[in-house]
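Report on one structure; see the data block that follows.
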Amino acid sequence: MQHYINQPSKITSLEINLEYLNGKLVRSLLRILSLLKQLNDSGGKVNVDWTIPEEAEDLKELSQEVLTDMHIPHTIRLN
């Protein structure tokens, strides 16, 4: 991933279909999102499409909070 960040495409899109969260997954996602934030902050075009189960209000709130706090362009979809 770090190699990609050093030589990214013109537009970087990440699609995440999240069914549940555990500690290990949260740490992995935060590492990836941190790299995307670096890319976005340096002028790269980044977008995250985040899909979560419709009934998972906790995931919706957490997803919105994390992506908004990191200032990464994003869309959160319910399925």
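Since every read-out is calculated from the coordinates, none of them should be taken as a lab result. Keep in mind that what you see is a predicted model, and the values were worked out from it rather than measured. Neighbour counts run over all protein chains shown; Cβ positions are idealised from the backbone, glycine included.
Please work out how much length the chain gains when fully extended from E65 to N79, using 0.36 nm per residue of separation minus the C-alpha to C-alpha distance, in nm with one decimal. If you can, show how the numbers build up before the last one.
Working: separation 14, 0.36 × 14 = 5.04 nm, distance 1.90 nm.
Computed gain between E65 and N79 is 3.1 nm.
Under the 0.36 nm per residue contour assumption, what length would be gained going from the current alpha-carbon distance of D41 and N22 to full extension? If you can, show how the numbers build up before the last one.
On the way: separation 19, 0.36 × 19 = 6.84 nm, distance 2.77 nm.
Taking D41 through N22 to full extension adds about 4.1 nm, to one decimal.
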statement: In the neighbourhood of L21 defined by beta carbon distances under 15 Å, the net charge of the other residues (Lys, Arg +1; Asp, Glu -1) is -2
- line: Nearest 10, in degrees from 0 to 90: the angle of helix 23-41 to the longest Cα principal axis of the chain is 40
- request: Excluding residues fewer than 8 places away in the same chain, name every one of the lysines whose C-alpha is closer than 23 Å to that of K24.
  value: K37, K60
task: Working from Cα positions, state the angle (0 to 90°, nearest 10) between the long axis of helix 57-69 and the longest principal axis of the chain.
output: 20
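Could you state the orientation-averaged shadow area of the convex hull built on the Cα atoms of the stretch 12-78, in nm² to one decimal? Write out the running numbers ahead of the final one.
On the way: hull surface 15.8 nm².
Averaging across all directions leaves 3.9 nm² for the Cα convex hull.
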